[in-house]
């Protein structure tokens, strides 16, 4: 992994379940790490769902190895939230490939 290719900055967030003032459980996202990443692939596909056609954007990021990253996390990139779908280790603690899909909204 060459450091010159790590031109994107992404923020990884963990989810935390809390109870708000009204006693309702809600998910709160808290920052876990801000890292440099290489964008490996970015695609958009259209799917037919019950509500009609839906576009799904998928992005693959490559980062240096970081303990604690899982499918339960999300990535913030260019002001948009992406759900982490797959975490693939590279070598022996050399790096991680994060396959993400953009969250609707």
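Each reported figure results from applying straightforward, stated rules to the coordinates on display, with no laboratory input. Because the structure is predicted, anything quoted here is derived from the model rather than measured. Cβ placement follows ideal geometry from the backbone for every residue including glycine, while neighbour counts extend to all protein chains displayed.
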**Asked** Tell me, how many Å apart are the Cα centres for region 74-105 and for region 1-56?
**Response** 7 Å
**Request:** Starting from the Cα gyration tensor of region 3-102, take the square roots of the eigenvalues, sort them a ≥ b ≥ c, and report rounded, prolate or oblate (rounded when a/c is under 1.5, otherwise prolate if a/b is larger than b/c, else oblate).
**Result:** oblate
**Message:** Can you tell me which of 92, 78, 62 moves the most in a GNM of the chain? Springs connect C-alpha atoms under 10 Å apart.
**Reply:** 92
**Prompt:** Most mobile of 57, 13, 26 per a Gaussian network model of the chain (Cα springs, under 10 Å)?
**Reply:** 26
**Message:** Give me the one-decimal nm value for the distance between modelled label points at residue 48 and residue 15, 7 Å along each residue's Cα-to-Cβ direction.
**Reply:** 3.0 nm
**Request:** Tell me the label-point distance for the pair residue 7, residue 57, using the 7 Å Cα-to-Cβ offset, in nm and rounded to one decimal.
**Result:** 1.8 nm
**Message:** Can you tell me the length gained on complete extension of the stretch residue 90 to residue 66, counting 0.36 nm per residue apart and subtracting the Cα distance?
**Reply:** 7.5 nm
**Fill in**
Checked region 10-61 against the a/c 1.5 cut and the a/b vs b/c comparison, axes a ≥ b ≥ c from its Cα gyration tensor; verdict oblate
